[in-house]
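> I have a structure here, written as structure tokens, and I will follow up with some questions on it.
Any read-out appearing in this document is the output of simple, stated calculations on the displayed coordinates, not a laboratory observation. Just so it is clear, the model here is predicted, and its values are computed rather than measured. Cβ placement follows ideal geometry from the backbone for every residue including glycine, while neighbour counts extend to all protein chains displayed.
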Amino acid sequence: MKKYLFALLSLFLAVNVLQAQKTDVMLSTKPGWHKIGTAKVNFKTEKDEFLVMIADRFKAIRIKVKDAPIHIEDMQIHYDKGGKEDVSIRSNFNANSESKVIDLKNHDADLKKVVFVYNTVPNSKVEKAELELWGLK
């Protein structure tokens with residue numbers, strides 16, 4: 001019984017830590033678009049990481065913006081066995097919009113994480129933006 005309780009507690013703590021790091025565990029290997037992660041974006045410029053785990057091989061990614069406008073300064077794509085792509089975006093996105101499809105140069109490698117430097121653009125409703133990161137398998 002103690003082993004079961006300890007295992008359950010360990011799983012609970014691990015899930016909470018992973019959620020704090022904007023991690024989504026991808027279980028599907030089916031072709032198509034899959035949500036990798038979601039984050040609320042502050043008004044101050046910040047750096048956030050989306051960690052990708054398990055089924056993590058993608059051909060392309062796309063960004064969706066909800067609730068408020070956002071400014072994305074930079075995006076870095078990191079692969080599991082090393083290697084990184086710098087994607088200089090330096091663009092504003094309106095609320096409820098999405099980026100163009102961003103083809104990954106190393107689509108044969110596992111995606112490890114995507115790092116954003118961004119901020120919510122001040123708006124009349126004083127709402128924070130929500131960013132969704134999607135991947136194409």
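> Treat each spin label as a single point 7 Å out from the Cα along the C-beta direction, and report the V115 to K30 distance in nm.
3.4 nm
> What distance in nm separates the simple spin-label points at F43 and E85, each placed 7 Å from Cα in the Cβ direction?
Calculated label separation equals 3.4 nm.
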